[in-house]
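Heads up: the structure comes next, in structure tokens.
The values are calculated or read from the model by the stated rules, or taken from the named source; none is laboratory data. Note that the structure is a prediction, hence the values are computed from the model and not measured. Remember, those area values only see protein heavy atoms, side chains included, never the ligands or the DNA or RNA. Shrake-Rupley method; radii C 1.70, N 1.55, O 1.52, S 1.80 Å.
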Amino acid sequence: MVVALVVSIVFLVLADADTRNAALGYLALVLWVGIAAAIPVLLAVAIPGAAMRRRVRQQQQAGIPFW
């Protein structure tokens, strides 16, 4: 996501520098939409993963096997 953000900024700078590269500005907007769509997906995966990891660690400390 960081790479997509940096690339979109570079595309905007290139599009602003030369009007023949205006399509790069639209491509930057497409990248921003992709970033905005990916944020909820990444949160939906990361939050339950962190909760499961915490439970497994607590069970391991208590001596309960996790399988």
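Rolling a 1.4 Å probe across all protein chains gives V6 an accessible area of roughly 80 Å². Note that the chain presents 82 Å² accessible area per residue, ligands and nucleic acids not counted, probe 1.4 Å. Restricting the calculation to Cα atoms, the chain shows an Rg/Rh of 1.40 when the hydrodynamic-style radius is the Kirkwood one. How much of the accessible area of the chain, probe 1.4 Å, is carbon plus sulfur, in whole percent? After summing per-atom areas, the C and S share lands at 72 percent.
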